[in-house]
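Below you'll find the structure, written out as structure tokens, and then a few comments.
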Amino acid sequence: MRGGLKQSRINYLHRKVREAGFKVNCGTREIDVYPYESFQEIPVGPRYYVNALIKAGYNVQLIIR
């Protein structure tokens, strides 16, 4: 278990984040949320799944303009 979540839940979150159009790198535990500059800019639905992965120990890559 990573970050208190079962592997099946992690897989579900990966699928939902990918369906939202974001890239998930499982090896480095990173989420690329291009083209958003801040967490608050991510639409509410996908933001829930991204937040759950952050709590599980993933890092978010945001663009800097």
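Values for this structure:
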item: Pairs with Cβ under 6 Å, 6+ apart, first in region 1-14 and hydroxyl-bearing (Ser, Thr, Tyr), second at pLDDT below 95; result: none
item: Elements of type strands (runs of 3 or more DSSP E) in the chain, at least 3 residues being not polar (S, T, N, Q); result: 30-32
item: Selection status of residue 24, more than 8 Å from the chain's Cα centre (by Cα), among the aliphatic types (A, V, I, L, M) and modelled with pLDDT of 95 or more; result: no
item: Subset tally (residues that are touching a Lys or Arg at 6+ places or on another chain (Cβ under 9 Å) and polar (S, T, N, Q)) for region 48-60; result: 1
item: Residue within region 18-38 that is touching a helix residue (DSSP H, G or I) at 6+ places or on another chain (Cβ under 7 Å), on the phi < 0 side of the Ramachandran plot and charged (D, E, K, R) present; result: no
item: Of the criteria (1) loosely packed, with under 14 Cβ neighbours inside 10 Å; (2) β-branched (Val, Ile, Thr); (3) at pLDDT 95 or above, which one residue 31 fails; result: (1)
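The values are calculated or read from the model by the stated rules, or taken from the named source; none is laboratory data. Keep in mind that this is a model prediction, so the values were computed, not measured. Here the Cβ is made from the backbone with ideal geometry for all residues, glycine too, and neighbour counts use every protein chain on show.
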